[in-house]
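A.B. asks: Pasting in a structure now, in structure tokens, and then I'll have a few things to ask.
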Amino acid sequence: WGCPPGPGPLLPPLCAPACGVSPAWAARLGATGFLISKCCFPLFKAKPGKAKRVRTIFSSEQLARLEQEFARQQYLVGQERCLLASSLHLTEEQVKVWFQNRRIKWRKQSLEQQQAKLAKMG
């Protein structure tokens, strides 16, 4: 790959002669100064038939209810998950993933609390 000395001008895409892609379609690679066209690397292209999942933004009411349910029980399955999802206007998958992520957060907080206790004890 090689680096041009200093922040010099951008070089044309490496594949420009082969595929005729203009630098506007190219992605700059870090500090190398080289431009590589997206057509050269399938990794830069989205997978066919699979759209990127959009991050769910929960309202404060939804979060409050989810936290309330989590305080009651950390695992929500079957009919309970279905009813909660329906009442919050979310999909079961969104509720399932929220609970998974919340359990991870809870475990991390518990571990930090235990470590703080041990540190106090000496």
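A.B. asks: Work out from phi, with θ = phi - 60° and the Karplus expression 6.51 cos²θ - 1.76 cosθ + 1.60, the ³J(HN,Hα) of each residue of the stretch 58-75, listed in order in whole Hz, and give x for Gly and Pro.
C.D. replies: 8, 6, 5, 5, 5, 4, 4, 5, 4, 5, 4, 5, 5, 5, 6, 7, 8, 10
A.B. asks: At a 10 angstrom cut-off on C-beta neighbours, averaged per residue, how do the peptides 79-85, 56-62 rank from highest to lowest?
C.D. replies: On the way: 79-85: 14.6, 56-62: 11.3.
Descending packing order for the listed peptides: 79-85, 56-62.
A.B. asks: Which of the aspartates and glutamates could a cross-linker bridge to LYS120, judged by Cα under 17 Å and excluding same-chain residues fewer than eight apart?
C.D. replies: Reachable aspartates and glutamates: GLU112.
A.B. asks: Fully extended, how many nm does the chain gain between LYS105 and TYR75 (0.36 nm per residue separation, minus their Cα-Cα distance)? It would help to have the intermediate numbers written out before the result.
C.D. replies: Numbers: separation 30, 0.36 × 30 = 10.80 nm, distance 1.37 nm.
Extra length from LYS105 to TYR75 when fully extended: 9.4 nm.
A.B. asks: Got a sec to turn the phi values of the stretch 112-119 into Karplus ³J(HN,Hα) couplings, 6.51 cos²θ - 1.76 cosθ + 1.60 with θ = phi - 60°, whole Hz, x for Gly and Pro?
C.D. replies: Those phi angles translate into 5, 5, 5, 5, 5, 4, 4, 5 Hz.
A.B. asks: Using each residue's phi in the stretch 80-94, evaluate 6.51 cos²θ - 1.76 cosθ + 1.60 at θ = phi - 60° and report the 3J(HN,Hα) Karplus result to the nearest Hz, with x for Gly and Pro.
C.D. replies: 4, 5, 4, 5, 5, 4, 4, 5, 9, 6, 10, 7, 4, 4, 5
A.B. asks: Follow-up question, since we're still on this one. Evaluate E = 1/(1 + (r/R0)^6) for LYS50 and ALA119, where r is the Cβ-Cβ distance and R0 equals 35 Å; express this FRET efficiency to the nearest 0.05.
C.D. replies: Values: r = 46 Å, r/R0 = 1.30.
Efficiency at R0 = 35 Å is approximately 0.15.
A.B. asks: Hey, another quick one. Straight-line reach from LYS105: which aspartates and glutamates have a Cα under 13 Å away, not including same-chain ones fewer than 8 places off?
C.D. replies: Hits, sequence-local ones excluded: GLU67.
No value in this document is a laboratory result; all are computed from the given coordinates. Remember, predicted model here, so these are calculated numbers, not experimental data. All Cβ positions, glycine included, derive from the backbone under ideal geometry; neighbour counts span all protein chains shown.
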